[in-house]
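**Q** My questions will all concern the structure given below.
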Amino acid sequence: MTFPIRAITLDLDDTLWPFAPIGARVEQTLDAFLRTHSPATADMYPIEKMRDLRARVFAENAHLMHDLSALRQLTIEHALRDSGGDLGLLDAAYEVFYAERNKVEYYPDSLAALERIAARVPVAAVTNGNADLDRVGIGHLFAFTLGSREHGVAKPDASIFHAACDRLGCAHGDVLHVGDHIEMDVAGAARAGLRTCWINREDRRWEHPTLTPDLEFDTLTALADWLDAMPTTADRT
């Protein structure tokens, strides 16, 4: 399929890098911090119990699902309070978690492909996650990051896609949203009027009753190749 675009909005977790290894590391890092600074908390909430607590806190605070940082902080606060720990450790514990959260291992193709894509059109990160692209080291490749925490509503709500288009100065149909999640990324962006690209690295079956992506690739390199071969609206001015 060929169509001109002016900009790209890009998901981060499980699109540029896998999140599962990050999730495992942050659990281990936080546990190590608590074992050193609040042993009673670590004893009450070892990794598996902390995972259960996190699930409960998330479920009990659905109104904060757009703000994963707040939910993580609230989980740590609950653990400290339940165990009689020092609540003054909350900020330090969260910083240990957050520093580890921003240590990413890219998919093999993604960084080089992102550099090619960003040289072609403006790229904005649109994410429900809480990665800090400056800490990650790739902030210079993005026009901006629009997170659900800052926006107040998470994907797949149309408003976050529309807000990104507004900041890019583009009509909805001139923006291509790229991501791995069928509902949060592809279906949400399609309903918002954007063009869509599904990054399907694991050869999954498309499952949506009414919507399909405009593009489907198994790597970002393939998207960069497509973009190099296609006109953008900038090419017409």
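The values are calculated or read from the model by the stated rules, or taken from the named source; none is laboratory data. For clarity, every value in this text was computed on a predicted model and none was experimentally measured. We place every Cβ from the backbone using ideal geometry, glycine too, and count neighbours over all the protein chains shown. Calculation scope for accessible area: heavy atoms of the full protein, side chains included, ligands and nucleic acids excluded. Shrake-Rupley method; radii C 1.70, N 1.55, O 1.52, S 1.80 Å.
**Q** Projected area of the stretch 148-232, taken from the Cα convex hull and averaged over every viewing direction, in nm²?
**A** Orientation-averaged projected area of the Cα hull: 5.9 nm².
**Q** What do you get for trypsin sites (Lys or Arg not before Pro) in the stretch 127-212 restricted to DSSP loop and a cutoff of at most 14 other Cβ within 10 Å of the site's Cβ?
**A** Listed in order of number, the matching sites are Arg204, Arg205.
**Q** Go through Ser159, Gly147, Ala93 and say which Cα lies farthest out towards the positive end of the charge dipole of the chain; charges sit on Cβ, +1 for Lys and Arg, -1 for Asp and Glu.
**A** After comparing all options, I get Ser159.
**Q** Explain nothing, just the number: dipole magnitude of the stretch 115-237 about its Cα centre with +1 on each Lys and Arg Cβ and -1 on each Asp and Glu Cβ, in debye rounded to the nearest 20.
**A** It comes to approximately 240 debye.
**Q** I would also like to ask the following. Going toward the positive end of the dipole of the stretch 162-233, with +1 on Lys and Arg Cβ and -1 on Asp and Glu Cβ, which of Leu168, Ala224, Pro209 do you reach last?
**A** Leu168
**Q** Further, regarding this structure: Between Ala124 and residues 5 or more places away or on another chain, which pairs have amide H atoms under 5 Å apart, with H built 1.01 Å from N, and which residues are they?
**A** Those qualifying (amide H under 5 Å, at least 5 residues apart or on another chain) are Ile8, Thr9, Leu10, Ala143.
**Q** For the stretch 97-211, take every pair of Cα atoms, bin their distances at 5 Å starting from 0, and report each bin as a whole percent.
**A** 2, 11, 19, 24, 22, 15, 6, 1, 0
**Q** Running Debye on the stretch 35-104 with equal point scatterers at the Cα sites and no solvent, what base-10 log of I(q)/I(0) appears at q = 0.12, 0.20 Å⁻¹?
**A** -0.30, -0.83
**Q** With the chain treated as a Gaussian network of Cα nodes joined by springs under 10 Å, which of Arg56, Arg72, Arg120 yields the largest mean-square fluctuation?
**A** Arg56
**Q** Hey, another quick one. Go through the stretch 122-127 residue by residue and turn each phi into a ³J(HN,Hα) via Karplus (6.51, -1.76, 1.60, θ = phi - 60°); whole Hz please, and just put x for glycine and proline.
**A** Result, rounded to whole Hz: x, 10, 10, 7, 10, 9.
**Q** Report, in degrees rounded to the nearest 10, the 0 to 90 angle that the Cα long axis of helix 47-60 makes with the longest principal axis of the chain.
**A** 70 degrees
**Q** Also, I was wondering about something else. Sort out the exposed loop GluC sites (Glu not before Pro) in the chain (DSSP loop, at most 11 other Cβ within 10 Å) and tell me the longest stretch that has none.
**A** The longest uninterrupted stretch comes out as 1-104.
**Q** How big is the charge dipole of the chain about its Cα centre, in debye rounded to the nearest 20, if each Lys and Arg gets +1 on its Cβ and each Asp and Glu gets -1 on its Cβ?
**A** The calculated dipole for the chain is roughly 280 debye.
**Q** Continuing with the same structure: How high is the relative contact order of the chain? Use alpha-carbon pairs under 8 Å, at least six apart in sequence, and give a whole percent.
**A** Answer for the chain is 26 percent.
**Q** Within the set of other residues whose C-beta is less than 10 Å from the C-beta of Ala189, count the net charge using Lys and Arg as +1 and Asp and Glu as -1.
**A** 0
**Q** Which of Gly152, Gly137, Gly88 ends up with the largest GNM mean-square fluctuation for the chain, with Cα atoms connected below 10 Å?
**A** Gly88
**Q** Calculate how steeply helix 158-168 sits against the longest principal axis of the alpha-carbon atoms of the chain, using the helix alpha-carbon long axis, and give the answer as 0 to 90 degrees to the nearest 10.
**A** In the chain, helix 158-168 runs at an angle near 60 degrees to the longest axis.
**Q** Ok, one more. Specify the residue with the greatest mean-square fluctuation among Ala55, Ala93, Ala190, computed from a Gaussian network of the chain linking alpha-carbon atoms under 10 Å apart.
**A** Sorting by GNM fluctuation, first place goes to Ala55.
**Q** Something else: Residue farthest toward the positive end of the dipole of the stretch 1-121, with Cβ of Lys/Arg at +1 and Asp/Glu at -1: which of Met65, Ile47, Thr15?
**A** So the residue we want is Thr15.
**Q** Using θ = phi - 60° and the Karplus relation 6.51 cos²θ - 1.76 cosθ + 1.60, list the HN-Hα couplings for the stretch 11-18 in order, rounded to whole Hz, with x at every Gly or Pro.
**A** 6, 10, 4, 6, 10, 8, 8, x
**Q** Express the carbon and sulfur contribution to the solvent-accessible surface of the stretch 1-107 as a percent, rounded to the nearest whole number, probe 1.4 angstrom.
**A** Carbon and sulfur: 55 percent of the exposed surface of the stretch 1-107.
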